[in-house]
1. Within segment 40-59, can you find the residues that are over 12 Å from the mean Cα position of the chain (by Cα), touching a residue at least 12 places away in the same chain (Cβ under 8 Å) and surrounded by 14 or more Cβ atoms within 10 Å (Cβ to Cβ)?
2. Looking only at segment 1-28, filter to residues that are hydrophobic (A, V, I, L, M, F, W, C) and open to solvent by 40 Å² or more (accessible area, probe 1.4 Å); which one of those is modelled with the highest pLDDT?
3. Hey, which of the strands (runs of 3 or more DSSP E) in segment 84-125, taking only ones fully inside, have at least 1 residues that are under 20 Å from Arg49 (Cβ atoms) and open to solvent by less than 60 Å² (accessible area, probe 1.4 Å)?
4. Looking at segment 29-39, which of the residues that are within 13 Å of Arg102 (Cα to Cα) and surrounded by 17 or more Cβ atoms within 10 Å (Cβ to Cβ) is nearest to the chain's Cα centre (by Cα)?
Amino acid sequence: TALYGQKPWGSAGPPVRSGWRLVTRVVAVHERAGGSAVGYGSEFRLRDRGRIAVLAIGTADGFETAPVGPFYRANPLRAFLKGRRRKVSVEIGGRSFPVVGRVSMQLTTVLVDESVRVGDEATVPALRLMVGPHVPRVAV
């Protein structure tokens, strides 16, 4: 498992870097007023004025902010927990920015600053096994 960037020995031992990463691009950037709804289903509202980047990745690509798996399908309490979103960040230009709003099938919204531009590369956290087969694999 060390070849895939996982530490089989726990937090101790030598540093290990992940053997893979999921990358996408910023496809749009919008200035939004405070109170604006953001993301799929408009569930998130900006408190203050903000800059929103739209990434070309979504649940169809294996990117999910809600917990997934059979554990959450087993009973109503777990189904409730599934509705709770994890706080997830993406990396753009070497900096971390929070995902805001619900992730849709093909798009993700991120709260960014003035440094982010259309076309910038974004590294997205995702489980290797959850990434859809239609996502291209590039060996480096």
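1. Tyr40, Phe44, Leu46, Gly50, Arg51, Ile52, Ala53 - these are the residues of segment 40-59 that are over 12 Å from the mean Cα position of the chain (by Cα), touching a residue at least 12 places away in the same chain (Cβ under 8 Å) and surrounded by 14 or more Cβ atoms within 10 Å (Cβ to Cβ).
2. Val27
3. Fully inside segment 84-125 and qualifying: 89-92, 95-98, 108-112.
4. Within segment 29-39, the match that is nearest to the chain's Cα centre (by Cα) is Gly39.
The values are calculated or read from the model by the stated rules, or taken from the named source; none is laboratory data. No experiment lies behind these values; they were computed from the predicted model shown. Cβ coordinates were reconstructed from backbone atoms using ideal geometry, including for glycine residues, and neighbour counts include every protein chain displayed. Please note that ligands, DNA and RNA were not included when accessible areas were found on the heavy atoms of the full protein model with its side chains. Shrake-Rupley method; radii C 1.70, N 1.55, O 1.52, S 1.80 Å.
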